[in-house]
Each structure stands twice: as structure tokens, then as C-alpha cells.
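One structure is given here, and the rest of the page talks about it.
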């Protein structure tokens with residue numbers, strides 16, 4: 001789980017919903033409990049895996065599981081990576097998967113190639 005790269009709250013609860021802010025593939029210290037290095041994982045696939053791990057960390061730190069995620073938005077800087085992203089994504093989210101949007105963007109924070117945000121039902 002990484003710290004924000006900007007002035008925002010990583011997760012906000014509103015009633016029975018958690019809103020998880022965008023997570024990119026920033027790695028942490030080797031122990032997972034050390035300080036955030038602020039380093040992006042190398043390569044697209046590694047960034048997707050790390051961003052989804054960071055997303056899972058935010059969800060679980062707030063007492064929920066990925067099975068409770070109801071909506072996900074993903075952002076890619078290159079739609080040519082759509083199939084590779086889907087392969088990794090399908091290994092993280094089980095059926096039935098959350099509703100999802102995927103949008104191509106010109107750029108993401110600190111040069112990331114992938115970002116994920118979502119809504120979690122904790123009812």
C-alpha cells in the first residue's frame with residue numbers, strides 16, 4: 001500500500017460505501033512496512049500488478065475485501081496495453097467482477113502507465 005502522491009485522502013467512507021482514490025504502481029520498501037520509495041514498478045505489467053496490490057491494500061486496510069468492490073475505473077496511457085491489463089485484472093478479481101470503465105488518458109502522475117480507482121460496498 002502506498003502513500004498518496006498528491007493532496008487527497010486514499011479512502012473515504014460515505015455511509016456503506018468506500019471510495020478508493022486512484023492507485024498507481026508505486027512500490028514500497030522491501031519489507032512492505034518500510035517507507036514508500038516513490039518508485040514506479042518497472043514495465044507496464046509490473047505497474048498493473050503493483051497498482052492492483054496497492055488498491056487491494058487500501059480496501060483491506062478499511063475492513064473490506066475485493067469481493068465487495070462494485071465499480072472500478074481504470075486508466076491507461078496506451079490502449080495497446082488493454083489485453084495485457086485484462087489478463088492481470090482477471091487474475092485479481094473473481095467472477096462476478098465489478099462493473100468497470102477503462103479510459104485512455106494522455107498522462108498519469110509521476111509517469112505511471114496505469115491507474116485504478118473504485119467503489120466498495122461495505123453494507
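Bear in mind these aren't lab numbers, they're just calculated from the coordinates by the rules spelled out. Quick caveat, the model's predicted, so the values are computed rather than measured. Glycine gets a Cβ as well: all are built from the backbone with ideal geometry, and neighbour counts include every protein chain shown.
Under 8 Å for C-alpha pairs, at least 6 residues apart: give me the relative contact order for the chain, rounded to a whole percent.
Averaging sequence separation for qualifying contacts and normalising by length gives 34 percent for the chain.
Counting other C-beta atoms within 10 Å, which of 119, 26, 110 has the fewest, and how do the rest follow?
Going from sparsest to densest Cβ surroundings: 110, 119, 26.
Which distance in nm do the two modelled labels at residue 121 and residue 92 give, with both placed 7 Å along the Cα-to-Cβ direction?
The answer from the label model is 2.1 nm.
At a 10 Å Cβ-Cβ cut-off, how would you order 85, 79, fewest neighbours first?
Lowest count first: 79, 85.
Between residue 39 and residue 107, what is the label-point separation in nm under the 7 Å Cα-to-beta-carbon projection?
Taking the two extended label points, one gets 2.3 nm.
List 65, 77 from most exposed to least, where exposure is judged by having the fewest other Cβ atoms within 10 Å.
65, 77
How much length is gained if the chain between residue 100 and residue 13 is pulled fully straight, taking 0.36 nm per residue apart and subtracting their Cα-Cα distance, in nm to one decimal? Intermediate results must be reported in sequence, preceding the final value.
On the way: separation 87, 0.36 × 87 = 31.32 nm, distance 2.00 nm.
Stretched fully, the residue 100-residue 13 segment lengthens by 29.3 nm.
Using just the helices of the chain, give the 222 nm mean residue ellipticity in deg cm²/dmol: DSSP H runs with n ≥ 4 each add -39,500 (n - 2.57), and the total is spread over all residues, rounded to 500.
-7500 deg cm²/dmol
Indicate the gyration tensor shape class of the stretch 11-121 (rounded, prolate or oblate), computed on the Cα atoms with a ≥ b ≥ c the square roots of the eigenvalues: a/c under 1.5 is rounded; otherwise a/b larger than b/c is prolate and the rest oblate.
oblate
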